[in-house]
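Below: one structure, written as structure tokens.
Where a number appears in this text, it was derived from the coordinates with a stated rule and is not lab data. This one's a predicted model, so the numbers in the text were calculated from it and none came from an experiment. Cβ: placed from backbone, ideal geometry, glycine included. Neighbour counts: every protein chain shown.
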Amino acid sequence: MKVVIVFDSVHGSTGEVAEAIAEEVRAGDDEAEVTDLRSSMPLDVVGDMMFVGSPTRSGRMTKRMAEFLENFVTGPWRGRRIVAFDTVGPLSKDAEKRDRTLKRIGNSPRTAAGTIQEALRRRGLAPWPEQMHLAVTGLWGPLAPDARDMARELARKHIDEARQELLMNAQLI
Ligand SMILES: Cc1cc2nc3c(=O)[nH]c(=O)nc-3n(C[C@H](O)[C@H](O)[C@H](O)COP(=O)(O)O)c2cc1C
């Protein structure tokens, strides 16, 4: 399976999350294609599933991410799993408090992941309804100590489920 990971980052934490997701993809012998929007703005990205992520800045995604989502070719992504992820903060350095805050944020429209989902829906796509939030402990980072592991765990679930979906769709044809 080919997994596409498209992300933007200002201070690096969202990039670290993207890296952790790519590590998890490769650990399962799948292919990961990582695009950092700071260095390229592709129009046609193709794969079996996609993770799209941005830092949350003033309750929304970055301008670069909005530009990507407005312009990329959507055709190949119909019926594919697309997961919106982001970084949020600053959250507590205490792991339990952080978990509670992440649960409270849930599926919020006022996060980067929420605005990514909205932009995807405007393009006629159906993003995965659950948002994936990872915490930073300061306004500019760093990533919370458990965030990389958390990102890998959440990514694993999506990768395995997406593989099942692909198999089921192939059987229906
Ligand atoms: C100007 C500014 C606005 C921010 N607004 C929010 C916000 O609305 N909600 C939030 O959870 N975090 C907010 N943050 C914290 C960012 O989420 C944090 O800097 C980001 O996750 C770091 O990711 P990056 O290193 O990939 O840029 C803001 C940070 C800055 C500098």
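In table form, for the structure just shown:
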read-out	value
Rounded D (µm²/s) - segment 22-98, Kirkwood Rh over Cα pairs, Stokes-Einstein at 25 °C, 0.890 mPa s	169
Ascending count of other beta-carbon atoms within 10 Å, so fewest first, for M61, M150, M41	M41, M150, M61
Separation between Cα centres of segment 52-89 and segment 15-50, rounded to whole Å	13
Label zone at L166, where the point sits 7 Å out along the Cα-to-Cβ direction: segment 20-34 residues whose backbone N lies under 16 Å	22-34
Gaussian network model of the chain, springs between alpha carbon atoms under 10 Å - residue of G53, G114, G141 with greatest fluctuation	G141
Qualifying trypsin sites (Lys or Arg not before Pro) in segment 1-48, DSSP loop, other Cβ atoms within 10 Å at most 14	R38
Contour minus Cα-Cα distance for R57 and K93 (0.36 nm per residue)	11.0 nm
Check: the chain dipole with +1 on Lys, Arg Cβ and -1 on Asp, Glu Cβ, in debye	760
Extension gain, V73 back to V10 (0.36 nm per residue minus Cα-Cα distance, nm)	20.2 nm
Cα-Cα over 28 Å, subset of K2/K93; K63/K103; K103/K157; K2/K97	K2/K93; K2/K97
For segment 2-172: rounded, prolate or oblate by the Cα gyration tensor [a/c cutoff 1.5]	prolate
Mean separation of Cα contacts under 8 Å, 6 or more apart, over the residue count of the chain: relative contact order %	26
